[in-house]
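*Asks:* This is the structure I have questions about; it appears just below.
The values are calculated or read from the model by the stated rules, or taken from the named source; none is laboratory data. Note that the structure is a prediction, hence the values are computed from the model and not measured. Because the Cβ atoms are built from the backbone with ideal geometry, glycine has one as well, and the counts that use them run over all protein chains shown. Remember, those area values only see protein heavy atoms, side chains included, never the ligands or the DNA or RNA. Shrake-Rupley method; radii C 1.70, N 1.55, O 1.52, S 1.80 Å.
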Number of protein chains: 4
Amino acid sequence: MTNDIPTPTATPPDILRCASMEIVVTDLARSREFYVDVLGLVVTEEDENVIYLRTFEEFIHHNLVLRQGPVAAAAAFAFRVRAPEDVDLAEAYYRELGCRTERRGDGFVKGVGDSVRVTDPLGFPYEFFHKVEHVERLAWRYDLYGPGALVRLDHFNQVTPDVPRGRKYLEDLGFRVTEDIRDADGVTYAAWLRRKGTVHDTALTGGDGPRMHHIAFATHEKHNIIAICDKLGARRRSDCIERGPGRHGVSNAFYLYLRDPDGHRVEIYTQDYYTGDPDNPVVTWDVHDNQRRDWWGNPVVASWYTEASLVLDLDGDPQPVVAREAPSELAVTVGADGFSYTRAGDTAQGFTHGSPL
Amino acid sequence: MTNDIPTPTATPPDILRCASMEIVVTDLARSREFYVDVLGLVVTEEDENVIYLRTFEEFIHHNLVLRQGPVAAAAAFAFRVRAPEDVDLAEAYYRELGCRTERRGDGFVKGVGDSVRVTDPLGFPYEFFHKVEHVERLAWRYDLYGPGALVRLDHFNQVTPDVPRGRKYLEDLGFRVTEDIRDADGVTYAAWLRRKGTVHDTALTGGDGPRMHHIAFATHEKHNIIAICDKLGARRRSDCIERGPGRHGVSNAFYLYLRDPDGHRVEIYTQDYYTGDPDNPVVTWDVHDNQRRDWWGNPVVASWYTEASLVLDLDGDPQPVVAREAPSELAVTVGADGFSYTRAGDTAQGFTHGSPL
Amino acid sequence: MTNDIPTPTATPPDILRCASMEIVVTDLARSREFYVDVLGLVVTEEDENVIYLRTFEEFIHHNLVLRQGPVAAAAAFAFRVRAPEDVDLAEAYYRELGCRTERRGDGFVKGVGDSVRVTDPLGFPYEFFHKVEHVERLAWRYDLYGPGALVRLDHFNQVTPDVPRGRKYLEDLGFRVTEDIRDADGVTYAAWLRRKGTVHDTALTGGDGPRMHHIAFATHEKHNIIAICDKLGARRRSDCIERGPGRHGVSNAFYLYLRDPDGHRVEIYTQDYYTGDPDNPVVTWDVHDNQRRDWWGNPVVASWYTEASLVLDLDGDPQPVVAREAPSELAVTVGADGFSYTRAGDTAQGFTHGSPL
Amino acid sequence: MTNDIPTPTATPPDILRCASMEIVVTDLARSREFYVDVLGLVVTEEDENVIYLRTFEEFIHHNLVLRQGPVAAAAAFAFRVRAPEDVDLAEAYYRELGCRTERRGDGFVKGVGDSVRVTDPLGFPYEFFHKVEHVERLAWRYDLYGPGALVRLDHFNQVTPDVPRGRKYLEDLGFRVTEDIRDADGVTYAAWLRRKGTVHDTALTGGDGPRMHHIAFATHEKHNIIAICDKLGARRRSDCIERGPGRHGVSNAFYLYLRDPDGHRVEIYTQDYYTGDPDNPVVTWDVHDNQRRDWWGNPVVASWYTEASLVLDLDGDPQPVVAREAPSELAVTVGADGFSYTRAGDTAQGFTHGSPL
């Protein structure tokens, strides 16, 4: 489709994991009500313009930054790297790619030290940092847990027009693909990529981009996710529920998708599988397998395919959105009523894995 | 719509609970695969024409009878009564109502003694029995439990054109309403009625009838219901899942609706509340409250409103189906895409209960 | 052992269910911290001397009354009866038994109307009422649920020296036995008796009495009970945990026993089975079956057998405690280390049920 | 205490994770009943002398090897390394340590290629391999899941007399400590060490050694562990349950300890936390904190401290067991009745973590 992103000669940084996201929200009080009062994320610190939130098992300063601003958007996808020197590596790596970079010795946000932010070749604002303030890991503070306690940041999901192009770039950066969705014509609709030993730290979803599809937090058990739905119902906020709960085919996790007051999508997620071996089998799903996105075959609402958040450049302006040229997953799988259904005969198991001994 | 059903002078039988349903299936082997291999119901006994199934906590002979036949239909909604004499009372009660009745001292099915079957004023085949063969209550047999073990028959659900007419008849018979759905114009769309101390032993859903909407089995926990979905996905039978899983508004239970190979609808259900006090508060839901049928506001698929099983008369012939004249719940609440959505502004809590001290 | 309690000629009241207990606590603030802050019971109303608490699915005014007083004790085991007239029946019934009774048209506690309290033939303070103030049933208020939400009052448990004597008295009063523990010599160690369709509304445990063994609240799922333990650990109050969590043999429920600041025992309980049929099979357990009290064979701590709360007479004075003469369950089943273990060879399933068709 | 193990100059192998254990059992049929029929591990292949078992989410050939033999013992603790060359590194590393090593190009067991086995400086039989046969990852095969499905091998636990000596050796080998238990006098009682991003791949428990304390398998949720207990009760095998279920303080996981027919200890484990960052905070527990081993303060049975499995040398002969000289955790924390209790005043939270920004 488009030209490949060249593989730099520079050594990529050693990325540990997705660590936090900064999002711009247009009404901080409403967003606080959603993330703190409803979802129960823990406030590490806050002022009138920004709120730093973390999960119950986290020991770094935050996993989510809410910043008051004029246009709802994702301002940074932040990854933690193994050592302070990896921030230098990241800066050099993206400079070789011709990307704009910005370095701040004292960090772009509170609680984080020396960091670099880049506009990556796909147009996303990526951040890399190592130094971070440690805070209390609340894992044992069951006196503070609610019924739907969020315990970890699990992953990001990014919308990009050309998934294979993005995949190559992320593999060069050190990510490994765990699962993907394709069709018989060779079109790739989505790919899941990981650093830590889970199914993903980020995923690429084919669509008009660059846009932020969602940020995902993990709970311990499935009933925790159900409790979040029940609480939303009790608060008469069930309109926040966009899709699910359900079982994913891809990742095998139990999931729920919510929309925050600005429409930013949040996934609640639990129980995918260990992927840390270098030869971890890649699972490829057929785009026509109607159990790929929901293992129970429940329809995917059209908005889940079409809507996503803008992302910002390093000046804080929204990135222009480029249309996907390849067939969209929505178009190839969705019925006239706007819901994604099975096709007749879509009964093959639809995934494969190798056995390379 | 139609004339009221008169209140008999005869004493109604003392009904304990819904106890079993007999359904006609067109391919007994396929139905066995669904109810035994997938759902894990326990076979009490079987031959080439009929299979007797029960749940793990049941001590009577069966909760479901599958009978091979030419036309898929519900042949009997069977209720257990408190004493042998209550069968006599039932027979006299329905005779006074002018209903056709049939009495069999040795029962209509195996494992059950003296019984009466009637075609009730709504056109449904009701059965009443007391004497029954006791079998092992498998409650402690965790060596036999699967991940989605069904532990109790919970309730029936019947489609009838005129819900208030049916409600009065069932109240005369000794049932008590626990919840209902109405609109501001006084139209009743559905009512839930109980004998045992749960939300219902049977419910009336407004629609073309008489038809059998579903039979519901209980599990212990919500994850048991999720396990059934996961298993259906693994068997590539996710097309059996019609609606859910989700949380009901009405009944507050967690639910799933499946369709068996003949299209008979089966609900899996867990965790409603105690209703055994005579002044148990009745909960009335507004038909425009989009959380009434699913507490999370998830859309109700149109088939759930429109499709249901035929019921048989005492000769084994299907009852003619009479159209509902009052507005249908589907029509008043469903969008053009065939899914039931909220209306703008449907945010009132929408239920009420009295406080009669 | 002692003389039987005669069967009155009077009609017994129609008891619906165990409804509430009043207990005297010696430090109301500490008890409030335990029942409200830790266990999450809902405060219906309170003043400096008394706190009225209820569960999430309750619609009557309270299930537990905490009253400040000089000596920790149980002041009333309150049962709700079907109709106002049943209070008259109760009064007459106990008068025929020669018991002291006290009637109050406006109730002994807030929220309850016309009531009678009696000192029953076993020495327990029983209360019967029908009229009660309705309050909001919080079943749908998931915004208020904690991870260990208590949803129903399930049962009482009473210690009495002569279980068969007490059993006959309660059967005359209209209770039905669902399970019991015996030995081959005919000694009965405990019996479970119900009105509502669960395993019990109250149980008799053989021991020095009259004393109150515990009051039990139900949760929806097993993880709710685990959450209570986790929270107690986080509050560094794990010393409140006396026994469990575990699976009962008797009742098949999942359980936990706590001790409140005065030593009153509270059980958290979930998932027993339906018992509402008149021929519900009685399960008899051998006292030497080490899975009877804990299905996993885990030892029962000695305090669970020996310690219990005093009960009050109608003047508010503690009832004298009479020693059990029959062998104690502790003595026949417990090792030298103070824990209850299996005997070699205790591997028979050890329970039976009839099949009376 | 004893002399330190020197740090080799050789590069240690890059260990991915604990991957499998080989144990000798004295009655293969009885062990198969335990591991396959009760615990539901999946048989990859088997013959009359050996059974290869795996968990539901595993894609390598096996996680547990049962081998028929004359003396119950652990024959190999096998770790997977990142690349084929790491097997060479492992061999050189242990040769420099003066350990006996044995290399087999075709593996010591089926399904595994080039491997080296060593008797390590602590006397344990460690194995390192990379090449392995891929088999079907059954993660999506919910049609095969039982209620207590084991989804991953989580960790090993080893008994050794001198924990600091073993800890230094394992840290040199590339492991990182996540938690430990100490007293104010500087005695270390246990340490948890990880490679993959969980609390441990192996732990060192202070005691007479070298012995194998347990092997641990993970489930998805806590109810899965309860289901295993319930099933053991139903099979009248509750004597297999040694300790738990409960919540660990250390690791924060929910746990259960079983003993197999030879007395080999198996832990079932779920829900610890992510530890993959290099500065993951180490949690140190006071040995007198009675919530360290069980967060609910439930007593630890003495056998859990004293009993463990022999381990074999490379000739298949049991290693001699050396007594621990430092105080034993049992002795410093256990009451006269053989159960581990709290000491009066043990209410401090008792763990610490740093904040090294």
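*Asks:* So, in the stretch C:100-127, exactly how many residues are among the aromatic types (Phe, Trp, Tyr) and farther than 25 Å from C:Val43 by Cβ?
*Replies:* First pass over the stretch C:100-127, keeping only residues among the aromatic types (Phe, Trp, Tyr): C:108, C:124, C:126.
Pick out the ones that are also farther than 25 Å from C:Val43 by Cβ and you get C:124, C:126.
Of the residues in the stretch C:100-127, 2 are among the aromatic types (Phe, Trp, Tyr) and farther than 25 Å from C:Val43 by Cβ.
*Asks:* Output the residue which, of all residues in the stretch A:310-330 that are touching a Phe, Trp or Tyr at 6+ places or on another chain (Cβ under 9 Å) and outside any loop (DSSP other than H, G, I, E, B), is farthest from A:Asp185 (Cα to Cα). So that I can check it myself, show each step before the final result.
*Replies:* Taking the stretch A:310-330 as the starting set, the residues that turn out to be touching a Phe, Trp or Tyr at 6+ places or on another chain (Cβ under 9 Å) are A:311, A:319, A:326-330.
Imposing the further condition that a residue be outside any loop (DSSP other than H, G, I, E, B) reduces the set to A:311, A:329-330.
On the way: A:Val311: 31, A:Glu329: 13, A:Leu330: 16 Å.
So the residue we want is A:Val311.
*Asks:* Given the residues D:Ile241, D:Ile215, D:Ile181, which is the only one that is in contact with a Lys or Arg (Cβ under 7 Å, 6 or more places away or on another chain) and of a type outside the set (Phe, Trp, Tyr)? It would help to see each step written out before you state the result.
*Replies:* Details: D:Ile241 fails: in contact with a Lys or Arg (Cβ under 7 Å, 6 or more places away or on another chain); D:Ile215 fails: in contact with a Lys or Arg (Cβ under 7 Å, 6 or more places away or on another chain).
Within the list D:Ile241, D:Ile215, D:Ile181, the selection yields D:Ile181.
*Asks:* Hey, which of the strands (runs of 3 or more DSSP E) in the stretch C:1-114, taking only ones fully inside, have at least 2 residues that are open to solvent by 30 Å² or more (accessible area, probe 1.4 Å)? First the steps, then the outcome.
*Replies:* Values: elements: C:15-25, C:42-46, C:50-54, C:64-68, C:73-81, C:101-104.
Correct list: C:42-46, C:64-68, C:101-104.
*Asks:* Moving to a separate point now. I'm trying to understand the selection: among the residues of the stretch A:212-237, which are open to solvent by 10 Å² or more (accessible area, probe 1.4 Å) and not in a helix (DSSP H, G or I)?
*Replies:* Selection gives A:His220, A:Arg235, A:Arg236, A:Arg237.
*Asks:* Right, here's the next one. Which ranges mark the strands (runs of 3 or more DSSP E) fully within the stretch D:238-278 that have 2 or more residues being open to solvent by 10 Å² or more (accessible area, probe 1.4 Å) and either at pLDDT below 95 or within 14 Å of chain C (Cβ to nearest Cβ) (or both)? Don't jump to the end; show me each part of the working.
*Replies:* Working: elements: D:241-247, D:254-259, D:265-270.
Counting at least 2 such residues, we get D:241-247.
*Asks:* Is there a residue being more than 30 Å from C:Ala234 (Cβ to Cβ), part of a loop (DSSP other than H, G, I, E, B) and open to solvent by less than 10 Å² (accessible area, probe 1.4 Å) anywhere in the stretch A:135-158? Give the derivation first.
*Replies:* Keep residues of the stretch A:135-158 that are more than 30 Å from C:Ala234 (Cβ to Cβ), which gives A:156-158.
The next check asks that each one be part of a loop (DSSP other than H, G, I, E, B); those that pass are none.
Checking the stretch A:135-158: not a single residue is more than 30 Å from C:Ala234 (Cβ to Cβ), part of a loop (DSSP other than H, G, I, E, B) and open to solvent by less than 10 Å² (accessible area, probe 1.4 Å).
*Asks:* Does A:Gly197 satisfy being away from chain B (no Cβ under 13 Å) and more than 15 Å from the chain's Cα centre (by Cα)?
*Replies:* Details: away from chain B (no Cβ under 13 Å): yes; more than 15 Å from the chain's Cα centre (by Cα): yes.
Judged against the criteria, A:Gly197 is a match.
*Asks:* Within the stretch A:135-163, how many residues turn out to be of a type outside the set (Ser, Thr, Tyr) and without any contact (Cβ under 8 Å) to a residue 40 or more places away in the chain? Don't jump to the end; show me each part of the working.
*Replies:* Taking the stretch A:135-163 and keeping what is of a type outside the set (Ser, Thr, Tyr), we get A:135-141, A:143-144, A:146-159, A:161-163.
Still in the running and without any contact (Cβ under 8 Å) to a residue 40 or more places away in the chain: A:140, A:143.
Number satisfying all stated conditions: 2.
*Asks:* While we're here: Go through (1) away from chain D (no Cβ under 11 Å); (2) among the hydrophobic types (A, V, I, L, M, F, W, C); (3) more than 13 Å from the chain's Cα centre (by Cα); (4) crowded, with 24+ Cβ neighbours inside 10 Å for C:Leu173 and report which single condition fails.
*Replies:* (4)
*Asks:* With respect to D:Gly209, determine if the residue is more than 14 Å from every other protein chain (Cβ to nearest Cβ) and open to solvent by 10 Å² or more (accessible area, probe 1.4 Å).
*Replies:* Working: more than 14 Å from every other protein chain (Cβ to nearest Cβ): yes; open to solvent by 10 Å² or more (accessible area, probe 1.4 Å): no.
It is false that D:Gly209 is more than 14 Å from every other protein chain (Cβ to nearest Cβ) and open to solvent by 10 Å² or more (accessible area, probe 1.4 Å).
*Asks:* If I ask for residues that are buried (at least 16 other Cβ atoms within 10 Å of the Cβ) and among the hydrophobic types (A, V, I, L, M, F, W, C), which ones from the stretch B:315-327 would you list?
*Replies:* Across the stretch B:315-327, the qualifying residues are B:Val321, B:Val322, B:Ala326.
*Asks:* With respect to C:Asp260, determine if the residue is charged (D, E, K, R) and touching a residue at least 24 places away in the same chain (Cβ under 8 Å). Let's see the steps before the verdict.
*Replies:* Values: charged (D, E, K, R): yes; touching a residue at least 24 places away in the same chain (Cβ under 8 Å): yes.
Yes, satisfied.
*Asks:* Take B:Gly174 and decide whether it is assigned to a strand (DSSP E or B), on the phi > 0 side of the Ramachandran plot and among the small types (Gly, Ala, Ser). Break it down stepwise before answering.
*Replies:* Numbers: assigned to a strand (DSSP E or B): no; on the phi > 0 side of the Ramachandran plot: yes; among the small types (Gly, Ala, Ser): yes.
Criteria not met by B:Gly174.
*Asks:* Same structure again: Residues to consider are D:Asp289, D:Asp230; find the one that is of a type outside the set (A, V, I, L, M, F, W, C) and under 19 Å from C:Asn224 (Cα atoms). Steps first, answer last, please.
*Replies:* Values: D:Asp289 fails: under 19 Å from C:Asn224 (Cα atoms).
Sole residue among the options that is of a type outside the set (A, V, I, L, M, F, W, C) and under 19 Å from C:Asn224 (Cα atoms): D:Asp230.
*Asks:* Hey, among the residues in the stretch D:176-193 that are surrounded by fewer than 22 Cβ atoms within 10 Å (Cβ to Cβ) and hydrophobic (A, V, I, L, M, F, W, C), which one's nearest to D:Lys222 (Cα to Cα)?
*Replies:* D:Val177
*Asks:* Further question on the same structure: Quick one: in the stretch D:286-314, of everything that is among the small types (Gly, Ala, Ser) and over 15 Å from D:His248 (Cα atoms), which residue is least open to solvent (accessible area, probe 1.4 Å)?
*Replies:* The selected residue is D:Ser309.
*Asks:* Please specify each residue of the stretch A:279-291 satisfying the condition of being within 14 Å of chain B (Cβ to nearest Cβ) and touching a helix residue (DSSP H, G or I) at 6+ places or on another chain (Cβ under 9 Å). So that I can check it myself, show each step before the final result.
*Replies:* Start the filter on the stretch A:279-291 by keeping residues that are within 14 Å of chain B (Cβ to nearest Cβ), which leaves A:285-286, A:288-291.
Result: A:His288, A:Asn290, A:Gln291.
*Asks:* Name the residue, out of A:Pro356, A:Pro327, A:Pro318, that is at pLDDT 50 or above, of a type outside the set (D, E, K, R) and touching a strand residue (DSSP E or B) at 6+ places or on another chain (Cβ under 7 Å).
*Replies:* Values: A:Pro356 fails: at pLDDT 50 or above; A:Pro327 fails: touching a strand residue (DSSP E or B) at 6+ places or on another chain (Cβ under 7 Å).
That would be A:Pro318, the only listed residue that is at pLDDT 50 or above, of a type outside the set (D, E, K, R) and touching a strand residue (DSSP E or B) at 6+ places or on another chain (Cβ under 7 Å).
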